[in-house]
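The values are calculated or read from the model by the stated rules, or taken from the named source; none is laboratory data. As the structure is a computational prediction, the values presented were derived from the model and not from experiment. Glycine also receives a Cβ, built like all others from the backbone with ideal geometry; neighbour counts cover every protein chain displayed. Calculation scope for accessible area: heavy atoms of the full protein, side chains included, ligands and nucleic acids excluded. Shrake-Rupley method; radii C 1.70, N 1.55, O 1.52, S 1.80 Å.
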Amino acid sequence: MTDEPLERWAARRQGRLRKPGERTAITLGTGPQRAAHVDPDAPRLILEWDGFAWQPLMPVENYAAARRALNPQPDSTPANQAEATGPVMGRNPLAPGTGRHRKPSS
């Protein structure tokens, strides 16, 4: 078995490491941490990874606020809205049709 070159190993390891600035939310409640959706009204604490440890960033009031803090929506401009309303986005997915999985009309 041959040894892997140190440079290749270091590059592979660097790719697996958590990037500084990554954020997560934890539930501020009693008991162990559970899935985020279990207690949606519980307050949360947003944490940010600084490259060495998780640092508290800000408290938020519930699960929805935590989702907004972790995944901010980009500002929508008229140019972006025009692209999003193409023929696929503008159609009604429940419109009658003859697709493979549609029930035949009786």
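Other residues within the sphere of radius under 13 Å centred on the Cβ of residue 24, judged by their own Cβ, net out at +2 (K and R +1, D and E -1).
Accessible surface comparison of 61, 7, probe 1.4 Å, protein chains only, largest first: the order is 7, 61.
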